[in-house]
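What follows is a short report on a single structure.
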Amino acid sequence: MKKIIIAQMISALLLMADVTLTPQEEKNWQIQTAVGKEVTHVPLDEYMMRVTTPPKLLHTISLPYEAKVIQLNKANFQSVNKGEVLALLNSSQWIEAQKEAIAALIKLTHSESEAERKSKLCKEEIIAQKECITAEAEVKTDTIKLLSSKAVLKSYGATDEMIKTLFKDLAIFQSIELRSAVKGVILQTDIETGKNISSSNALFVIKTDGEDWLEADIPQAVATALKPSQEVIIKINDKEIKSKILLMSPMLNSLNQTRYVRFSLPKEAELLAGLLTKAQLSIAKRAFVVDKKAIIQSDKDTIVFIKRGQTYHALKVIVLAENREVCYLDYNEELKEPIAISATSVLQNKLQQGK
């Protein structure tokens, strides 16, 4: 117990004391100093990160009917515009849908004509008013059926112009154009010329314009310094990317003690989806970079010696990160002064002897 108390007293005295040296002593011990560099970001470490595409940017094109591919206009990794024709298809269901739409149009035309004829007779009281009411109801029913037929045609990919032509000429389109509903880049296709395709199959997967994600499994010891919406710097292949944390998993992976973290990835970064690469992660925090030789570990405290004239002052510091050459220290105005980077053990011994 006495040894522990003595050690604590020595540590406390170190942080309150100064060491004053003569110029000759500085020369004999070859004490050198350097000024720390102020930075706005602190690097944590390198981690493997994956570039992934948010689901909201992926648009899947499928069909509500079975069809045969007559012509294929687009392939993987090609750009497409909204409304551009991806393929030309043929389907018996598409033809039947057109026949039903034409039949609904003819039926509505007949109902409207009959309702108009009966309306005149009702006004002249030749027929009962009840027959006119029945005729009008039939017109409403047939109108709904025609609207339903139009909706079916649109679900097959028919445009308003195609439907207008169909009802005008009463001529059935043998094929149907499969068009893109979005602007983007085709990532995946599952369609071939001459191939029959089933309903609901994913024929094209198109990536629309937008920001991707960077994902990584970060050790819990580091993740404690992170929080959602925090701004970070991610360095990949010597290129710095300004990013922020979008999501942190609330659960810990018990196998490797890591947490899943998702970062934003600006479009200007120009990294391909699916890329797996090493990336250096830095957090936005004011700090000072100092030579690692300046750091002294005294019991539980970490100190550096600040030079003021011929006096060296022991300053307690907090190490945020480090590598083989430098340490990143929590911001302190006193760190703007010269810091001893050699013979620090001599200064520490001198301090202990003096106390």
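The values are calculated or read from the model by the stated rules, or taken from the named source; none is laboratory data. Just so it is clear, the model here is predicted, and its values are computed rather than measured. A quick note on method: Cβ atoms are made from the backbone with ideal geometry, for glycine too, and the neighbour counts reach across all protein chains shown. These area figures cover heavy atoms from the full protein model, side chains too; ligands, DNA and RNA do not enter into them. Shrake-Rupley method; radii C 1.70, N 1.55, O 1.52, S 1.80 Å.
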Original post:
Between residues in segment 130-154 that are within 26 Å of Leu178 (Cα to Cα) and residues that are open to solvent by 90 Å² or more (accessible area, probe 1.4 Å) and assigned to a helix (DSSP H, G or I), which pairs lie under 8 Å by C-beta distance while being six or more apart or on different chains?
Top reply: Ser149/Glu100; Val152/Glu100
Subject >> So Glu192, is it open to solvent by 70 Å² or more (accessible area, probe 1.4 Å), within 21 Å of Val69 (Cβ to Cβ) and of a type outside the set (Val, Ile, Thr) >> reply: yes
**OP:** Keeping to segment 86-110, report how many residues are over 16 Å from Leu166 (Cβ atoms), touching a residue at least 60 places away in the same chain (Cβ under 8 Å) and either touching a Cys at 6+ places or on another chain (Cβ under 8 Å) or of a type in the set (Ser, Thr, Tyr) (or both).
**Re:** 0
**OP:** Being under 13 Å from Tyr47 (Cβ atoms) and of a type in the set (Gly, Ala, Ser) is the filter; apply it to segment 195-222 and report the residue that is most open to solvent (accessible area, probe 1.4 Å).
**Re:** Ala221
Original post:
Counting only residues that are under 18 Å from Val290 (Cα atoms) and in a loop (DSSP other than H, G, I, E, B), which one in segment 336-355 is most open to solvent (accessible area, probe 1.4 Å)?
Top reply: Glu337
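Residues of segment 262-283 being under 30 Å from Asn332 (Cα atoms), open to solvent by less than 50 Å² (accessible area, probe 1.4 Å) and either among the small types (Gly, Ala, Ser) or modelled with pLDDT of 90 or more (or both), which ones?
If we filter segment 262-283 for residues that are under 30 Å from Asn332 (Cα atoms), which is where we start, we get 263, 279-283.
The next check asks that each one be open to solvent by less than 50 Å² (accessible area, probe 1.4 Å); those that pass are 263, 279, 281-283.
Phe263, Ala279, Leu281, Ser282, listed by residue number.
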Original post:
Hey, Thr258 hits all of (1) within 27 Å of Thr224 (Cβ to Cβ); (2) hydroxyl-bearing (Ser, Thr, Tyr); (3) over 35 Å from the mean Cα position of the chain (by Cα) but one; which does it fall short on?
Top reply: (3)
Original post:
Does segment 284-304 include one or more residues that are open to solvent by less than 40 Å² (accessible area, probe 1.4 Å), at pLDDT 90 or above, outside any loop (DSSP other than H, G, I, E, B) and within 30 Å of Thr53 (Cα to Cα)?
Top reply: no
Subject >> Scope segment 315-325; condition at pLDDT 90 or above and either surrounded by 19 or more Cβ atoms within 10 Å (Cβ to Cβ) or on the phi > 0 side of the Ramachandran plot (or both); matching residues >> reply: Val317
Subject >> Among (1) modelled with pLDDT of 90 or more; (2) more than 28 Å from Ser91 (Cβ to Cβ); (3) open to solvent by 50 Å² or more (accessible area, probe 1.4 Å), the one test that Lys107 misses >> reply: (2)
Original post:
Just one of Glu138, Glu116 is surrounded by fewer than 14 Cβ atoms within 10 Å (Cβ to Cβ) and not basic (Lys, Arg); which is it?
Top reply: Glu116
Original post:
Across segment 138-190, what is the number of residues that are over 30 Å from Ala273 (Cβ atoms) and either among the basic types (Lys, Arg) or touching a Ser or Thr at 6+ places or on another chain (Cβ under 7 Å) (or both)?
Top reply: 10
Original post:
Taking only pairs six or more apart or across chains, which ones have beta-carbon atoms under 7 Å, a first residue in segment 330-344 that is free of Cβ contacts under 8 Å to residues at least 40 places away in the same chain, and a second residue that is of a type in the set (Val, Ile, Thr)?
Top reply: Glu334/Ile306
Subject >> Which numbered condition Arg308 misses (of (1) out of contact with any Gly (no Cβ under 9 Å at 6 or more places or on another chain); (2) open to solvent by less than 80 Å² (accessible area, probe 1.4 Å); (3) under 23 Å from Pro23 (Cβ atoms)) >> reply: (2)
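Within segment 223-270, which strands (runs of 3 or more DSSP E) (wholly inside it) include 2 or more residues that are touching a residue at least 40 places away in the same chain (Cβ under 8 Å)?
Working: elements: 231-236, 239-248, 258-265.
In segment 223-270, the matching strands (runs of 3 or more DSSP E) lie at 231-236, 258-265.
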